[in-house]
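Enquirer: Let me begin by handing over the structure; questions about it come next.
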Amino acid sequence: MTGALDNVASLREVLPEAIVGVGSLVVLGVDLVAARPRRARAALVALAVLALAATAAWVWRAPGPSLFGGLLAGDALARLGRALAIASSVGGVLLLSSRGRGTGDRDSGEQLALVLGVTLGMSLMAAATALLTAFVALEATSLFSYALAGMRPRSRAASEAALKYVVYGGVAAGVMLFGMSLLYGMHGSTRFDALASFPAGVAVPRLLAVVLCLGGFAYKIAAVPFHMWAPDVYEGAPTPVAALFSVGPKAAGMLLLARFVEAIGPSVPWELVLGTMAAATMTLGTLAAMPQTNLKRLLAYSSIAHAGTLLLAVIAGGDDGRAALGVYLVAYLVTNLGAFGVVAALERRGVEPELFAWRGLARRAPVEAWLMTLFLFSLVGLPPLAGFFGKYVVFAALIAKGGPLPLALVLLAVLLSAASLFPYARILRAMFFEGATGPAPAVAATRLDRAILYALALPTAALFLTL
Amino acid sequence: MVSVKRIVLCALILCGAAGGVAEAAGRLRVEPSAIVLPPAGGEARLTLRNGGDRPLRIARIDVTGDQAGLRVAPLTRTLQPGETAQLAVRRDGGTTPAFAGLRVVCDDETLPALPGGGPDERVGAVAVRAGATPLLGWLVFLPLLGALIILLAPGSAERFARAVGLAATGGVVVLTGLALSRFDAGARGAQLVDHAVWIRSLRVEWFVGVDGLSITMVALTALVGFIAALSSLSIDKNVKAYWALFLVLMTGMLGTFVALDLFLFYVFWEVMLLPMYFLIGLWGGPRKEYAAIKFFLYTLVGSVVMLLGVIALYYASPAGSLVDGTPAAHTFDLVRLASEGRGFATTPRLFGALGFAEVVWALFFVGFAIKVPAVPLHTWLPDAHVEAPTAISVILAGVLLKMGPYGLYRVNAAVLPGATKWAAPFVAVVGAISIVYGALCAFAQKDLKRLVAYSSVSHMGFCLLGLGALTTSGWQGAYVQLFNHGVITSMLFLLVGVLYDRAHTREIDRFGGVASQMPRYAFVFGLAFMASLGLPGLSGFIGEVLVLLGSFPSYRALTAVAATGVVLAAAYHLSALSRVQLGKWNAAQWKDRAQFPDLTAREALMLAPLAILVLVLGCWPQPLIALSQGSLGEVLAKVAGGR
């Protein structure tokens, strides 16, 4: 491929990923030798690694040439994916590090090393420009995620979540690999840029192969009909891990999907295929969230609904669609991490993530209640919060594209946006309008928890300043 | 022991250091990035510098926008790396503020391309503001500032919150008075304009100004807001949160009425939802959560449908530039959408007889009709009004309901005149139905507050009827009715609140002969009810009679139907008035007459300005009509002309 760097010259460009990869081993080592409190010390090291990676990513933030002979991209999408991966892991590490006390978790830093591994996988997913690279990156993310999901001692829910995740992920990976092998057979190359043109007569098998590949991508972003693992996994996994799952791999998966869609090109009726998937995902996510009483499940379904809206950005395509995808992913990252962060902070203080336990929270834990209000209204999409601007640019990109199906999708999306108020309002009602069922949470809030939540609330409220 | 703060600080320092490694954007550097000239005229110097490593060729300086009295020295040069050039920008004194954009046409490839220019022509934009007044900005954001001050106060700070709240709403009244004094009723176009770029990448601007109708609405909001603040002094739980939310709501309302940028209008429209939800839901009556979520869901559905209309208008809008000269392929500028959009009428029809303009009109109408409220989208209103605390009912009925017809004027009529003409019969029919249905429902009510709420539905129906009539009288009547209804209905809710504070019930049948115990209250009550039913000599009559006069030439049958609404209004108002105030004191229900003292000083203070306005505007409505006449006439001419 012309203009691509060879293996040696590319190493410098993937320095952030290399730092994260080596860093995860360093964190494992620290976890072995450090004195107690191990998790806090391992978290410090992990944050230092991420800060170093972030600095390297910042220095090399301008889009660059293709890497490793065309296997990884260095374009703006890849840079965005890398930034989102690092940001979501910083959030995950911070939330995990504050859990040491009071939740029964073991005081060890293994989870942090795994989070760094997930970061590496996510960053590579967003940059992958070949089928096998995409598969390897996706599997790397998944394998670390399976382990993370189950890491709660003596918790059957966590083990069940991890098992469901593994089984589902394994099947999805197999299906995707099958589709990828068919594509390789038809095109003779695994590179994305070779996927656009194909020999005559294989259009229908190619469509089938593309749909099989989509199965794997859709599983990662939790889109219908491959979403069924998400509510159980989010509910069973430790809350900080669920927070990471809801933002990091989802963002990386969307960017990978966007790249794949662009690579396959207009020979596949993407509007119809992705449109149906997006419509089903948004509808199911919104409707299924309504009767939920477990907050983590509710947020899981809400994440599924947001994945549907993100698919609209992929359908829009072009420069507008890509920019819209980026803005929405950033807004969604801060908002969702914030929402899960509040759930995690309260869980640490002894308040279970159930609606009945959250009743009267406005009196018992007012700061968390009002911050949760901010994050929930951003998820609904009320201006001037970040979530509104994300939805706005996506809807604008799709309306600019025009055509009956995109316009119908936008209409469905706005109506479901309004309907999504209902599940979030149930949380608000529990917090504000229902009587207090007990005294204030047993454990006091830590400065770290509050700092994390305020740090996420600020961009949620003020994202428009950066647009 | 390493603390969180130190980690965050180190991370910030690292990022800052890395930022120093960042490369600069382009070659053209302009200092300062925006020029502000005093109103009396003056001169400013602009320094252009080549910050890159290649020569920068400056072809010329173009001026976009408002060029009245603006003079820019010509400049054509090639700057070497590091070289600077000076540019003089001069403005002679002028009475109107001017917003212009200087376009430095050069060959810096990182800048946007000049529309219609050559491949090498790129535009660096500099904003020039001359004589701009930030008055409206202060007006809109003073309550928000108050809210932030309240939130930052330590502890429960009840007295502080009340003081700041009153000060902020009082400040808004003062600033509104200032704006009114500077407003020239005879001039055309928007006044007290302020125009700057807000979100460049989305082409959104901070564009605010008032015309005849907006300034009456702003005045109504300021007055009703201050009176509601006085009424809110009786709130005694979660006082800090209440006042913070109340002030955010004030900002949202004021912003909606002065916004001249469609996106900005939409943002302010939505900003009102969150505070209203909590204000009804936390401080309301027995069914407050139900009322709050119903209100929120209804308004949210309307708003998201409106969002589609906003985006559609944006992508159909003509190209131009932002206020600082940045080229823009589309615009949110409502003034330009109205003047250059040509009604967005298109020949390709989308669904049957509907074209683009009609579909967008319908999208906006759904959002505005929910707020009016038009039957059958009105069912949120009785619950929200009844369950909200008195002060919030006053704001809801006095101001929020006015935003529907205001939006219909500002967006539907001004930007889509052809579609408005096409839909006018429909609007008139909806109006007539609202009048009669609202009146019939009011007649059936046993709860006094619910009766007033349904009377609001009926009165706002007159607005829609007048709008649909497309005659001068009809429109003047509709928008006079808007202001007058705001004043009258505020009085009504305050009066119901006075009675409720004493009796803790609003059931009409439980009262009787209240006039014998509370004579001053009975007088004001009678005045308000007479004004509400449209007694000539009081302000409620003006709007209704103008609407009926205006709609008769266009729709005779509908006017006749609407006129029966007037009779029904008399029926339910007089029935309620007589059952509450007249007759014998209901001693079976109320043994202790001392439970019902007459109006206190605070209550009288709240009701007095409203009562005076009702009396004065009933006999002499000319100032109100004169303010809005010009702008209404302009838009009506466009609508009646169909383009």
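The values are calculated or read from the model by the stated rules, or taken from the named source; none is laboratory data. What you see is a predicted model; the values in this text were computed from it and never measured. We place every Cβ from the backbone using ideal geometry, glycine too, and count neighbours over all the protein chains shown.
Enquirer: Tell me, which residue of the range A:359-392 that is surrounded by fewer than 22 Cβ atoms within 10 Å (Cβ to Cβ) and among the basic types (Lys, Arg) is nearest to the other protein chains (Cβ to nearest Cβ)?
Expert: Within the range A:359-392, the match that is nearest to the other protein chains (Cβ to nearest Cβ) is A:Arg363.
Enquirer: Another question about this same structure. Looking at (1) modelled with pLDDT under 95; (2) in contact with a Phe, Trp or Tyr (Cβ under 8 Å, 6 or more places away or on another chain), which one does B:Leu492 not meet, given that it meets all the others?
Expert: It fails just one condition, (1).
Enquirer: Which pairs have Cβ atoms under 7 Å, sit 6 or more apart or on different chains, and link a residue in the range B:103-126 that is on the phi > 0 side of the Ramachandran plot to one that is among the charged types (D, E, K, R)?
Expert: none
Enquirer: Could you check, for the range A:237-252, whether at least one of its residues is within 23 Å of A:Gly70 (Cβ to Cβ) and buried (at least 19 other Cβ atoms within 10 Å of the Cβ)? Steps first, please.
Expert: The first filter runs over the range A:237-252 and keeps only residues within 23 Å of A:Gly70 (Cβ to Cβ), leaving A:252.
Checking the rest, the ones that are also buried (at least 19 other Cβ atoms within 10 Å of the Cβ) come to A:252.
The answer is yes; a qualifying residue exists.
Enquirer: What residue, of B:Tyr277, B:Tyr290, is out of contact with any Ser or Thr (no Cβ under 7 Å at 6 or more places or on another chain), within 11 Å of chain A (Cβ to nearest Cβ), surrounded by fewer than 23 Cβ atoms within 10 Å (Cβ to Cβ) and not charged (D, E, K, R)?
Expert: After ruling out the rest, the residue left standing is B:Tyr290.
Enquirer: For the range A:269-369, give me every one of the helices (runs of 4 or more DSSP H) that falls completely inside it and has 3 or more residues that are of a type in the set (S, T, N, Q) and over 19 Å from A:Phe395 (Cβ atoms).
Expert: Values: elements: A:270-289, A:295-316, A:318-348, A:361-364.
No helices (runs of 4 or more DSSP H) qualify here.
Enquirer: A follow-up question, please. Please verify whether B:Val323 is crowded, with 21+ Cβ neighbours inside 10 Å and not in a helix (DSSP H, G or I), treating the condition exactly as stated. Reasoning before the result, please.
Expert: Numbers: crowded, with 21+ Cβ neighbours inside 10 Å: yes; not in a helix (DSSP H, G or I): yes.
Considered against the rule, which asks whether it is crowded, with 21+ Cβ neighbours inside 10 Å and not in a helix (DSSP H, G or I), B:Val323 comes out as yes.
Enquirer: Give the residue that is farthest from A:Thr129 (Cα to Cα), with candidates limited to residues of the range A:30-81 that are in contact with a Lys or Arg (Cβ under 7 Å, 6 or more places away or on another chain) and aliphatic (A, V, I, L, M). Walk me through it before giving the result.
Expert: Step one: filter the range A:30-81 for residues in contact with a Lys or Arg (Cβ under 7 Å, 6 or more places away or on another chain), giving A:30-31, A:34, A:57, A:61, A:63, A:70, A:77, A:79.
Imposing the further condition that a residue be aliphatic (A, V, I, L, M) reduces the set to A:30, A:34, A:57, A:77.
Numbers: A:Val30: 34, A:Ala34: 40, A:Ala57: 19, A:Leu77: 11 Å.
This residue is A:Ala34.
Enquirer: Looking at B:Val128, B:Val204, B:Val224, B:Val210 in this structure, which one is modelled with pLDDT under 90 and either buried (at least 18 other Cβ atoms within 10 Å of the Cβ) or farther than 27 Å from B:Ala608 by Cα (or both)?
Expert: Working: B:Val204 fails: modelled with pLDDT under 90; B:Val224 fails: modelled with pLDDT under 90; B:Val210 fails: modelled with pLDDT under 90.
It is B:Val128.
Enquirer: I want to confirm something. Restricting to the range B:241-258 and keeping residues that are among the small types (Gly, Ala, Ser) and either out of contact with any Leu (no Cβ under 8 Å at 6 or more places or on another chain) or surrounded by fewer than 24 Cβ atoms within 10 Å (Cβ to Cβ) (or both), which single residue is farthest from B:Val399 (Cα to Cα)?
Expert: The qualifying residue farthest from B:Val399 (Cα to Cα) is B:Ala241.
Enquirer: Go through the range B:39-78 and give me each residue that's part of a loop (DSSP other than H, G, I, E, B), surrounded by 16 or more Cβ atoms within 10 Å (Cβ to Cβ) and acidic (Asp, Glu).
Expert: B:Asp66
Enquirer: Which residue out of B:Val335, B:Val305 is within 11 Å of chain A (Cβ to nearest Cβ), hydrophobic (A, V, I, L, M, F, W, C), under 29 Å from A:Gly390 (Cα atoms) and in contact (Cβ under 8 Å) with a residue 24 or more places away in the chain? Can you show your working first?
Expert: Numbers: B:Val335 fails: within 11 Å of chain A (Cβ to nearest Cβ).
Checking each option against the conditions leaves just B:Val305.
Enquirer: Look through the range B:178-211, keep the residues that are under 17 Å from the mean Cα position of the chain (by Cα) and part of a helix (DSSP H, G or I), and return whichever of them is farthest from the other protein chains (Cβ to nearest Cβ).
Expert: It comes out as B:Leu180.
Okay, residues lined up against (1) polar (S, T, N, Q); (2) modelled with pLDDT under 95:
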| position | (1), (2) |
| --- | --- |
| A:Met122 | no, no |
| A:Thr129 | yes, yes |
| A:Leu132 | no, yes |
| A:Leu148 | no, yes |
| A:Pro153 | no, yes |
| A:Arg156 | no, yes |
| A:Ala161 | no, yes |
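Enquirer: I need the helices (runs of 4 or more DSSP H) fully contained in the range B:444-545, keeping only those with at least 3 residues that are within 21 Å of B:Val224 (Cβ to Cβ). Break it down into steps so the answer makes sense when it comes.
Expert: Numbers: elements: B:448-469, B:472-503, B:514-517, B:519-533.
Filter on the range B:444-545 gives B:448-469, B:472-503, B:519-533.
Enquirer: Continuing with the same structure: Of the numbered conditions (1) more than 24 Å from B:Tyr500 (Cβ to Cβ); (2) of a type outside the set (Phe, Trp, Tyr); (3) at pLDDT 90 or above; (4) buried (at least 19 other Cβ atoms within 10 Å of the Cβ), B:Gln191 fails exactly one; give the number of that condition.
Expert: Going through (1) more than 24 Å from B:Tyr500 (Cβ to Cβ); (2) of a type outside the set (Phe, Trp, Tyr); (3) at pLDDT 90 or above; (4) buried (at least 19 other Cβ atoms within 10 Å of the Cβ) one by one, B:Gln191 breaks only (3).
Enquirer: Being without any contact (Cβ under 8 Å) to a residue 60 or more places away in the chain, in a helix (DSSP H, G or I), more than 34 Å from the chain's Cα centre (by Cα) and loosely packed, with under 14 Cβ neighbours inside 10 Å narrows it down to one residue among B:Ala560, B:Ala587, B:Ala608, B:Ala594; which is it?
Expert: B:Ala594
Enquirer: So, of the residues in the range A:393-414 that are buried (at least 17 other Cβ atoms within 10 Å of the Cβ) and facing chain B (nearest Cβ under 7 Å), which turns out to be nearest to A:Met277 (Cα to Cα)?
Expert: My answer is A:Val410.
Enquirer: Next question. Determine, yes or no, whether A:Ala147 is touching a Lys or Arg at 6+ places or on another chain (Cβ under 6 Å), in a helix (DSSP H, G or I) and closer than 30 Å to A:Leu96 by Cα.
Expert: Working: touching a Lys or Arg at 6+ places or on another chain (Cβ under 6 Å): no; in a helix (DSSP H, G or I): yes; closer than 30 Å to A:Leu96 by Cα: yes.
Taking the combined requirement at face value, the residue does not satisfy it.
Enquirer: Tally up the residues in the range B:1-60 that are away from chain A (no Cβ under 14 Å) and modelled with pLDDT under 50, please.
Expert: Counting residues in the range B:1-60 that are away from chain A (no Cβ under 14 Å) and modelled with pLDDT under 50 gives 0.
Here is a yes/no grid of residues against (1) among the small types (Gly, Ala, Ser); (2) in contact with a helix residue (DSSP H, G or I) (Cβ under 7 Å, 6 or more places away or on another chain); (3) part of a helix (DSSP H, G or I):
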residue	(1), (2), (3)
B:Ile235	no, yes, no
B:Phe246	no, yes, yes
B:Leu264	no, no, yes
B:Phe268	no, yes, yes
B:Pro275	no, yes, yes
B:Tyr290	no, yes, yes
B:Phe295	no, yes, yes
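Enquirer: While we're here: Please enumerate the residues belonging to the range A:208-239 that are within 13 Å of the chain's Cα centre (by Cα) and part of a loop (DSSP other than H, G, I, E, B).
Expert: Initial filter on the range A:208-239 (within 13 Å of the chain's Cα centre (by Cα)): A:217-223, A:230, A:234.
Those that are within 13 Å of the chain's Cα centre (by Cα) and part of a loop (DSSP other than H, G, I, E, B): A:Ala222, A:Ala223.
Enquirer: Also, quick follow-up: Taking the stated definitions as given, is A:Ser108 among the hydroxyl-bearing types (Ser, Thr, Tyr), crowded, with 21+ Cβ neighbours inside 10 Å and on the phi < 0 side of the Ramachandran plot? Give the derivation first.
Expert: Details: among the hydroxyl-bearing types (Ser, Thr, Tyr): yes; crowded, with 21+ Cβ neighbours inside 10 Å: no; on the phi < 0 side of the Ramachandran plot: yes.
Against the criterion (among the hydroxyl-bearing types (Ser, Thr, Tyr), crowded, with 21+ Cβ neighbours inside 10 Å and on the phi < 0 side of the Ramachandran plot), A:Ser108 does not qualify.
Enquirer: To continue, here is another question. State all residues of the range B:206-255 that are hydroxyl-bearing (Ser, Thr, Tyr) and within 20 Å of B:Phe268 (Cβ to Cβ); if no residue qualifies, say none.
Expert: First, the residues of the range B:206-255 that are hydroxyl-bearing (Ser, Thr, Tyr): B:214, B:216, B:221, B:231-232, B:234, B:242, B:251.
Residues satisfying the conditions are B:Ser214, B:Thr216, B:Thr221, B:Thr251.
Enquirer: Let me ask something additional. Looking at A:Val30, A:Val49, A:Val26, A:Val22, which one is crowded, with 22+ Cβ neighbours inside 10 Å and either within 14 Å of another protein chain (Cβ to nearest Cβ) or in a helix (DSSP H, G or I) (or both)?
Expert: Testing whether each residue is crowded, with 22+ Cβ neighbours inside 10 Å and either within 14 Å of another protein chain (Cβ to nearest Cβ) or in a helix (DSSP H, G or I) (or both) leaves just A:Val49.
Every residue, every condition in (1) under 25 Å from the mean Cα position of the chain (by Cα); (2) not charged (D, E, K, R), yes or no:
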site	(1), (2)
A:Ser10	no, yes
A:Asp31	no, no
A:Arg41	no, no
A:Ala46	yes, yes
A:Leu50	yes, yes
A:Ala53	yes, yes
A:Arg61	yes, no
A:Gly64	yes, yes
